[in-house]
Each structure stands twice: as C-alpha cells, then as structure tokens.
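The structure appears right after this line, and notes come after that.
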Amino acid sequence: MTLPERTDDELEARRKEAVRALHRGVSPKKIAEVLDVDTGSVHRWKQLYDEEGVEAIESTPRKQIERHLTEKQLNEAVDEAQSAEEAHLVRRLCFVKNIYAGDDTKEAASRVGVSQSTGSRWSDAWNEDEVDGLRPDWGGGRPRKLPEEKLPELEELLQQGPESFGYVGKRWTSPRVKEVIEQVFGVTVHPVTAGEYMKQLNWSYKMPQRRKNKRDEDAIERFRNEEWHQIRTDAEQQDKAIVFVDESKFSLLSPFRSTWAPVGEVPIVETASSYESLSAIGAVIYTPNTHDFDFEFRTQHENYNTRSVLPFLSEITHELPHEPVFLMDNWSPHKSAIEVLERDLQETQVDITVEYFPEYSSTLNPTDRVWGLAKEEVANCTAESLCELEQLVTDVLEAIRADEPKLRYCIKDAGLEIET
C-alpha cells in the first residue's frame with residue numbers, strides 16, 4: 001500500500017510536539033503511538049534538540065522521491081540485498097525506507113550514518129534508476145541496465161520455459177529472470193528490476209491453473225466447437241433441456257481468502273478442527289427453446305455413489321417440464337445410475353439422452369463453475385458442524401439458483417455458446 005507522504009510542516013510539528021511531550025514526562029512509546037511514528041525517531045529528536053537546539057528539529061528542504069516500489073517490495077529488496085551480502089546496497093535501500101517512512105533527506109541520511117549531501121545523491125540515483133541506481137558502481141564491470149530493444153528477445157527466451165534453462169519446475173521468478181539476463185545479455189540487474197522488465201513485457205505474477213496431464217486438449221476443443229453445437233441444436237429441435245451434472249465437496253476446514261483488516265492486526269478465523277466434508281450433487285439446467293436457466297442440487301453427509309446419484313437423476317427426469325439431455329463426465333457411478341434409470345424408463349414414454357464430456361475436462365462443465373462461486377462465498381466461514389455447514393451451503397446455492405445472469409455466466413465461462 002502506498003501511503004501519502006507527510007509534508008515538511010507536518011513533520012516539523014510532530015518533532016516539536018514530541019519534544020514538548022517528553023519534557024512533560026510522557027513516555028516515548030506513548031508519544032510514538034499518538035504521533036504515528038517509531039519510538040527511535042522520538043529518542044533521536046530529543047537528542048537533536050538537547051544537543052543543537054530547536055533549529056535541529058525544524059524541517060530541512062525536502063527532496064521528492066519516486067515510489068518505484070511498494071513498501072512490501074522495498075522490504076523484499078532489502079532482504080535480497082542482505083542475502084547477497086551487498087552491504088552498501090542494503091544501507092542505501094534503508095535510506096530510501098526512511099524516506100518512505102516520512103523522514104526528510106537529512107533525517108534519513110543521519111539514520112544510516114551519512115551526510116545530507118550523500119543522501120541527496122542517493123535520492124537522485126533512486127529516482128533515476130530504482131534499485132540498480134543505488135548499487136555501487138566501482139567502474140568497469142557489467143552494465144546495470146538491459147537495453148529496451150533487448151526486451152522482445154528476453155520474452156522469446158522466457159517463452160521457452162524455466163526448464164530449458166536448467167531450472168526445476170515451470171516457475172519463473174524474478175531471481176530466475178535476473179540470472180537469465182545476466183547469463184544471456186551480460187547485464188547485472190536486481191531481481192526487483194527483473195520484475196519491472198516483466199511488467200514492461202505485459203507479464204504478471206499469477207497462480208498457475210492445475211491441469212491433468214492426461215487431458216486431451218484437441219478433444220476438448222472439438223467438443224466446444226463441434227459436439228456442443230450439435231447437442232444444443234438437437235435439444236432445441238427435440239424441445240429438451242440440457243442438464244449439466246456434477247458433484248463436489250465442501251469441507252468444514254473452509255478455504256481461506258484474503259480480507260481487509262486494520263494495519264498491524266492479523267485477522268483470525270476460528271474453525272472446527274475436523275476434516276469432515278459435505279457432499280453435493282447439482283445440475284445447471286439450460287433449455288435452448290425457451291432460454292430458461294435453472295439449478296437443482298442436493299446435499300448429504302456421505303460420499304455420492306451409484307445408489308445416491310440415481311435418485312437425483314430420476315427426480316430431474318420426472319420433475320422437469322422437458323425431457324433431459326444429461327451431460328456429465330465418465331465417472332462410473334454416473335454410467336451405472338444412467339443404466340438403471342434407462343431400465344426403469346423402458347415401460348414409459350420418457351426419452352432421455354445422455355452425453356459425456358471428454359476425460360479430464362471439468363472446465364467444460366458449468367456446474368463446476370457454480371461450485372467455485374459457492375466456495376468463494378463460504379470461504380473463511382466458521383461452521384462448527386456439518387449441519388451448520390450444510391445450511392450455509394444451501395443458502396448460498398439457493399441464491400445462485402435465483403440469479404439467472406450468474407447461471408448464464410457459468411455456461412458462457414465454460415466456453416459453451418448458448419446463442420444461436
């Protein structure tokens with residue numbers, strides 16, 4: 001988070017108020033809390049006042065400094081410099097941290113044991129070239145900056161993947177990019193600067209999506225572009241409803257998600273110390289002829305199997321105003337339940353259709369999207385029992401069921417066109 005910088009007048013007022021409070025006998029810790037500064041600053045201001053008088057705590061001209069990095073990134077840069085035993089760089093980065101914290105140039109320089117003029121030079125170097133501008137240049141050696149015209153070449157190299165450069169795992173980190181830049185281009189940069197190059201290339205740091213290694217991408221694309229269109233067209237011509245069936249689980253140990261909280265406070269979520277989970281079966285229902293959307297679901301405390309899947313499919317079949325086209329994965333309980341259902345319907349006029357997704361293609365199933373939305377809603381929950389969790393999940397799924405635009409989104413987000 002980037003905090004607004006304090007003005008010179010505000011800083012001077014804080015220093016003078018701190019000195020007055022100390023003379024009244026107020027503790028440095030209390031003064032620091034009230035004035036929103038660190039205790040070390042309070043002690044230093046008192047020492048300056050005692051040694052040099054009021055002039056010492058009056059504001060000096062304040063040099064503007066660019067906030068190239070967030071406070072978190074700056075702390076990481078300090079840690080990396082310490083790990084690399086770059087003592088000079090650590091000192092200069094700490095100077096910048098002091099400026100970030102509200103010091104003027106004189107104060108920030110004094111904290112790290114250098115003169116105001118040296119601090120001013122460091123400020124200029126930081127403003128011009130970020131972290132690398134603060135790295136000591138002893139003359140000669142490698143250049144500190146990657147020429148802009150080399151960025152496309154860097155991107156081509158990175159597209160080859162980390163493993164092609166001898167790294168383990170498909171993970172590009174700023175230190176790894178830094179090493180590639182040094183090896184290929186002979187340019188020495190800081191990992192933070194390497195991260196900035198990635199941003200210039202329009203890359204972002206993100207969590208990868210897990211995918212089964214047996215997943216057949218060609219089959220999935222064929223389903224989206226060909227088979228799905230045929231399924232939708234046939235359902236429309238036969239006045240049937242497409243029923244996307246899927247199962248999921250909701251754990252008492254709910255997933256944690258980030259939340260806003262006061263600075264300095266760690267949010268606490270009390271959860272049950274149990275690995276029990278609630279099982280759910282559901283189906284997004286889409287009727288091409290009427291463009292209606294619905295969602296049906298059931299929950300239970302045991303895992304689903306053929307015996308418990310069958311009643312759900314049977315209810316859908318008999319309660320829908322249109323005959324169903326069941327669309328589901330190749331899970332054996334699905335197939336077994338369908339076989340039983342088809343036998344039960346032999347003496348009736350009900351005609352069900354069954355289609356299966358390609359293997360390992362949960363991303364094609366809109367109901368999988370519904371589970372994802374629901375789990376986001378119950379994240380950080382404090383259910384103490386399965387019954388309590390069941391009520392939470394039921395309320396969330398009922399809300400999704402009543403939200404037709406959300407159901408429409410789930411189908412479209414799966415890459416399945418619903419408009420002819």
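A quick yes/no check of all residues on (1) within 17 Å of Gly282 (Cα to Cα); (2) under 35 Å from the mean Cα position of the chain (by Cα); (3) not charged (D, E, K, R):
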{"residue": "Arg298", "(1), (2), (3)": "yes, yes, no"}
{"residue": "Glu315", "(1), (2), (3)": "yes, no, no"}
{"residue": "Leu320", "(1), (2), (3)": "yes, no, yes"}
{"residue": "Met328", "(1), (2), (3)": "yes, yes, yes"}
{"residue": "Tyr356", "(1), (2), (3)": "yes, yes, yes"}
{"residue": "Thr363", "(1), (2), (3)": "yes, yes, yes"}
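State the number of residues belonging to the stretch 228-247 that are surrounded by 19 or more Cβ atoms within 10 Å (Cβ to Cβ), over 15 Å from Pro324 (Cβ atoms) and of a type outside the set (Asp, Glu).
Adding up the residues that qualify gives 1.
Glu76 is checked against (1) modelled with pLDDT of 75 or more; (2) surrounded by fewer than 12 Cβ atoms within 10 Å (Cβ to Cβ); (3) among the charged types (D, E, K, R); (4) not in a loop (DSSP other than H, G, I, E, B) and fails just one. What number does that condition carry?
Glu76 satisfies every listed condition except (2).
For the stretch 62-117, name all the residues that are among the hydroxyl-bearing types (Ser, Thr, Tyr) and within 30 Å of the chain's Cα centre (by Cα).
Within the stretch 62-117, Thr70, Ser83, Tyr100 meet the criteria.
Does the stretch 316-354 hold any residues that are at pLDDT 95 or above and among the aromatic types (Phe, Trp, Tyr), and which are they?
The answer is Phe326, and nothing else.
Show the residue pairs that are 6+ apart or on different chains and have beta-carbon atoms under 6 Å apart, the first residue being within the stretch 334-354 and over 18 Å from Gln238 (Cα atoms), the second being among the hydrophobic types (A, V, I, L, M, F, W, C) and outside any helix (DSSP H, G or I).
If the second residue must be among the hydrophobic types (A, V, I, L, M, F, W, C) and outside any helix (DSSP H, G or I), the pairs left are His334/Met328; Ile338/Val354.
Of the conditions (1) aliphatic (A, V, I, L, M); (2) surrounded by 13 or more Cβ atoms within 10 Å (Cβ to Cβ); (3) modelled with pLDDT under 80; (4) in the same structural domain as Gln116 (by TED's automatic domain parsing), Ala87 satisfies every one except a single condition; which number is it?
Every listed condition holds for Ala87 apart from (2).
Within the stretch 150-177, how many residues turn out to be closer than 26 Å to Ala81 by Cβ, under 23 Å from the mean Cα position of the chain (by Cα) and in a helix (DSSP H, G or I)?
Number satisfying all stated conditions: 6.
For Glu417, work out the one condition from (1) surrounded by fewer than 14 Cβ atoms within 10 Å (Cβ to Cβ); (2) not in a loop (DSSP other than H, G, I, E, B) it doesn't fulfil.
(2)
State whether the residues of the stretch 43-66 include one that is at pLDDT 80 or above and not assigned by TED's automatic domain parsing to the domain that holds Trp260.
Looking through the stretch 43-66, at least one residue is at pLDDT 80 or above and not assigned by TED's automatic domain parsing to the domain that holds Trp260.
Pick from Pro366, Pro333, Pro321: which is more than 30 Å from Asp216 (Cβ to Cβ) and in the same structural domain as Leu253 (by TED's automatic domain parsing)?
Pro321
The values are calculated or read from the model by the stated rules, or taken from the named source; none is laboratory data. From a predicted model like this one, the values you see are computed outputs, not experimental measurements. A quick note on method: Cβ atoms are made from the backbone with ideal geometry, for glycine too, and the neighbour counts reach across all protein chains shown.
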